[in-house]
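Values in this text are rule-based calculations from the coordinates and carry no lab data. Given the structure is predicted, the values throughout are model-derived calculations rather than measurements. Counting neighbours? That spans all protein chains shown, and the Cβs are built from the backbone with ideal geometry, glycine included.
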Ligand SMILES: [Zn+2]
């Protein structure tokens, strides 16, 4: 993305075109599966790092922000360094289904990219991906 588009986007003035492909590395997927199980019965919440290029979004790392979590919700104190731009988020739904809540949709709308929700029992098929409007997205898993 060009620098001027980047500035427009930061201020919410750039109309997002969406992504034609979302690719997530196997390492990130495995971490998400593990984190869902390791933090159960609480929610886990993290942000996703990666890059967007020509409509292809590639997620290759997790970004941690401190958060408070219960079985029903997670709240992050978001304070990223200026040059760290999250490309989405990930959180778990320890009970219930992997559809976004109203609070989830508000969070999604702040970060263009891909937003993952994983529900109990935290298997590959329990991961759902959404765009910043809360529309369901498909994604591919890359081995590296
Ligand atoms: Zn949620």
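Considering segment 34-84 alone, what residues qualify as being within 16 Å of the ligand (Cβ to nearest atom), touching a residue at least 40 places away in the same chain (Cβ under 8 Å) and assigned to a strand (DSSP E or B)? Explain how you work it out, then say what you get.
Filtering segment 34-84 for residues within 16 Å of the ligand (Cβ to nearest atom) gives 35-36, 39-48, 65, 67-76, 78.
From what's left, touching a residue at least 40 places away in the same chain (Cβ under 8 Å): 35-36, 39-48.
Correct list: 45, 46, 47, 48.
Within segment 94-113, does at least one residue satisfy the condition of being over 25 Å from residue 5 (Cα atoms) and assigned to a strand (DSSP E or B)?
The initial filter retains those residues of segment 94-113 that are over 25 Å from residue 5 (Cα atoms), namely 94-104.
Filter once more, keeping what is assigned to a strand (DSSP E or B): none.
No.
Only residues that are surrounded by fewer than 17 Cβ atoms within 10 Å (Cβ to Cβ), more than 14 Å from the chain's Cα centre (by Cα) and more than 17 Å from residue 48 (Cα to Cα): list them for segment 67-100, please.
Matches in segment 67-100: 68, 70, 71, 72, 73, 95, 96, 97.
Which condition number in (1) part of a strand (DSSP E or B); (2) loosely packed, with under 14 Cβ neighbours inside 10 Å is the one that residue 117 fails?
(2) is the only condition that residue 117 fails.
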